[in-house]
1. Is it true that ALA62 is small (Gly, Ala, Ser) and closer than 27 Å to GLN46 by Cβ?
2. Can you tell me which residues in segment 88-142 are part of a loop (DSSP other than H, G, I, E, B) and either buried (at least 17 other Cβ atoms within 10 Å of the Cβ) or under 11 Å from the mean Cα position of the chain (by Cα) (or both)?
3. Applying the selection to segment 116-134, what residues are within 11 Å of the ligand (Cβ to nearest atom) and either of a type in the set (Lys, Arg) or touching a residue at least 60 places away in the same chain (Cβ under 8 Å) (or both)?
4. Which one is nearest to the ligand (Cβ to nearest atom), of the residues in segment 74-87 that are farther than 18 Å from PRO167 by Cβ and buried (at least 20 other Cβ atoms within 10 Å of the Cβ)?
Amino acid sequence: MRTALLLSAALFLTACGGTEDEAVMAGDTGTMDHGSMGHDMAETEQTPLPDDGVMPVVAVSAAWMRPHPQGRDVTAAYFTATLAEGAADRLVSASVTGADSVELHGHTMNDQGMMQMRAVGPQRLDAGDTLVFAPGGLHLMVFGLDPVVAGETVDGVLLFERAGEVPVRFAVGLSAPEVD
Ligand SMILES: [Cu+2]
């Protein structure tokens with residue numbers, strides 16, 4: 001039994017961080033428990049952000065989105081965000097042009113040692129820190145978008161508590177775009 005659980009955990013980890021889209025999507029929409037969003041939101045304590053009097057400016061890089069696996073309308077998108085100015089901000093939500101909805105997701109280990117993904121609350125970003133959405137960790141779950149393929153770009157918006165709407169352009173591909 002224990003072996004089976006460990007194997008399951010390994011499979012989920014592979015699915016979350018790997019490049020095998022069918023495995024990823026099987027996990028995204030099938031066996032993975034997305035948990036209760038309401039529960040998670042309630043858990044998130046909205047501590048006041050420190051204020052240095054400077055309006056935060058968010059810089060987004062390495063924005064990319066996985067192509068849709070055949071027959072699925074769910075995919076994941078990733079990015080890296082830093083503060084170019086200001087002391088602190090918080091990513092509240094995200095949207096993608098043409099998608100029905102976008103959720104902030106994270107991975108957690110359940111009490112049986114299996115990785116699960118679930119909707120998470122706002123994600124804080126402090127000066128000098130990096131907010132990383134990447135395979136195996138935080139990701140944007142994109143629902144109801146017409147299938148995209150590698151080489152395309154998709155526009156979206158990251159909504160920050162202070163900086164407001166930050167435009168982002170996701171490059172569709174199987175891995176993060178090269179940083180130039
Ligand atoms: Cu997800």
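Coordinate-derived values only; no laboratory data. These figures come from a predicted structure and were not determined experimentally. Virtual Cβ from ideal backbone geometry, glycine too; neighbours counted across all protein chains shown.
1. No; evaluated as a whole, the condition is false for this residue.
2. Going through segment 88-142, the residues part of a loop (DSSP other than H, G, I, E, B) turn out to be 97-100, 110-114, 120-122, 127-130, 134-138.
Those that are part of a loop (DSSP other than H, G, I, E, B) and either buried (at least 17 other Cβ atoms within 10 Å of the Cβ) or under 11 Å from the mean Cα position of the chain (by Cα) (or both): ALA99, MET114, VAL120, GLY121, PRO122, ALA134, PRO135, GLY136, GLY137, LEU138.
3. GLN116, MET117, ARG118, ALA119, VAL120
4. Taking segment 74-87 as the starting set, the residues that turn out to be farther than 18 Å from PRO167 by Cβ are 74-76, 87.
In the following step, the residues that additionally are buried (at least 20 other Cβ atoms within 10 Å of the Cβ) were identified as 75-76.
Numbers: THR75: 10, ALA76: 6 Å.
Across segment 74-87, the extreme among qualifying residues is ALA76.
Table: residues versus (1) in contact with a Cys (Cβ under 8 Å, 6 or more places away or on another chain); (2) under 11 Å from MET65 (Cα atoms); (3) hydrophobic (A, V, I, L, M, F, W, C).
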| position | (1), (2), (3) |
| --- | --- |
| SER93 | no, no, no |
| VAL102 | no, no, yes |
| PRO122 | no, no, no |
| LEU125 | no, no, yes |
| VAL132 | no, no, yes |
| VAL149 | no, yes, yes |
